[in-house]
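Structure first, commentary second.
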Amino acid sequence: MPEFHDTGFILGCRRHGESAIIMSVFTQNHGRHLGLIHTKNLPQPGTIVSIRWHARLSEHLGNYSYEIINPFSISFLEDTKRLAAISTICQLLDETLPEREALPDFFNQLQIFLTQLNTDDWLKDYIFFEKNLLSCLGFGMDLSKCAGGGDANDLAYVSPKTARAVSREKGDPYREKLLSLPSFLYKDAPATPQDIKAGLLLTGYFLAKHVHQLPKIRQVLFKNL
């Protein structure tokens, strides 16, 4: 009988019949993985858990048992923006990550971001997390140099077609057709509210283009920017 023990991040739950729930979990060593739990209470998405999965055959849905390690989402019930960030991540990962494909490096990036939620610059870190998600899925942006041969230290735009950076000098004549690139995404620089807004628009554009319709709750992240 196949089984494994792992650490995971609950992405979502949906009822299955009268007494069972299908729980989607992003696990450290087994990727996004589904399993049945038998309870009347829906576990809270955005919770780190210790899980055991077992099934009669490896291709079966199987069953979960779990213990809570850290209820991250519950910690921010009174903080609408941080809670919106967690909810957005849960929905994006549940809808985009391949099933049962191990992504331990990306799981570690998720854990790092969750610790950054308690910092003042957490929105900046959130944008980097979405950027890393795009790279994990094979749709990363190239912000290492200017696509047109311009100054790599003065990048200001990203091409919506190629996802490659463009310098201010080369891009200014075409600015209406390009996406704004905040400097903090390619070099060590502070982030103003305007930069955060530009960063959210940038990663959001490519997520919507390549991955899926963005969760509506993501709009909460723009509040007061």
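The values are calculated or read from the model by the stated rules, or taken from the named source; none is laboratory data. These numbers come from a predicted model, not from an experiment. Backbone-built Cβ (ideal geometry, glycine too); neighbour counts: all protein chains shown. Each accessible area value is taken on the protein alone, full model and side chains, heavy atoms only, with ligands, DNA and RNA left out. Shrake-Rupley method; radii C 1.70, N 1.55, O 1.52, S 1.80 Å.
Taking a virtual spin label 7 Å from the Cα of Asp121 along the C-beta vector, which residues in the range 156-197 bring their backbone nitrogen under 17 Å of it? Residues 182-197 qualify, since their backbone N sits under 17 Å from the label point.
Taken about its Cα centre, the range 16-140 carries a charge dipole of about 220 debye when Lys and Arg each add +1 at the Cβ and Asp and Glu each add -1 at the Cβ. Counted residue by residue at 0.36 nm each, then reduced by the alpha carbon distance between them, the extension gain from Thr162 to Tyr174 reaches 2.9 nm. Roughly what % of Cα-Cα distances in the range 12-78 sit above 18 Å, to the whole percent? Percentage above 18 Å: 36. For Leu214 and Asp105, the difference between the fully extended length at 0.36 nm per residue and the C-alpha to C-alpha distance is 36.9 nm.
Amide H to amide H, with H built 1.01 Å from N, His16 comes under 5 Å of Ile21, Ile22, counting only residues 5 or more places away or on other chains. Expressed as a whole percent, the proportion of Cα-Cα pairs in the chain lying more than 29 Å apart is 33%. Measuring nothing but protein heavy atoms, the accessible surface of the range 153-225 at 1.4 Å probe radius is 49 percent carbon and sulfur.
Rolling a 1.4 angstrom probe over the protein heavy atoms with all chains in place gives the range 38-120 an accessible area of 54 Å² per residue. Relative to its residue count, the range 60-155 spans a Cα convex hull of 142 Å³ per residue.
By the rule of a C-alpha distance below 19 Å, with chain neighbours fewer than 8 residues away ignored, the lysines paired with Lys197 are Lys81, Lys124, Lys131, Lys177, Lys187, Lys209, Lys216, Lys223. Between the range 160-187 and the range 1-50, the C-alpha centres lie 41 angstrom from each other.
Backbone N atoms of the range 93-132 closer than 13 Å to the 7 Å Cα→Cβ label point of Thr80 are not found in any residue.
Across the range 58-75, rounded Karplus estimates of 3J(HN,Hα) from the backbone phi angles (6.51 cos²θ - 1.76 cosθ + 1.60, θ = phi - 60°) give 4, 7, 6, 4, x, 10, 10, 10, 8, 10, 6, 9, 8, x, 3, 4, 5, 5 Hz, Gly and Pro being marked x. By the Kirkwood approach, averaging reciprocal distances over each pair of separate Cα atoms, the range 127-185 gets a hydrodynamic radius of 11.4 Å. Summarising the label geometry, the points placed 7 Å from Cα in the beta-carbon direction at Thr192 and His38 lie 6.0 nm from one another. Since only Leu93, Gly140, Ala165 are under comparison, the one whose Cα sits farthest along the positive direction of the charge dipole of the range 92-165, derived from C-beta charges on Lys, Arg, Asp and Glu, is Ala165. Stokes-Einstein diffusion for the range 102-225, with the hydrodynamic radius set to the Kirkwood value over Cα pairs and evaluated at 37 °C in a medium of 0.692 mPa s, equals 218 µm²/s. Inverting the pair-averaged 1/r between distinct Cα atoms of the range 1-116 gives 14.3 Å as its Kirkwood hydrodynamic radius.
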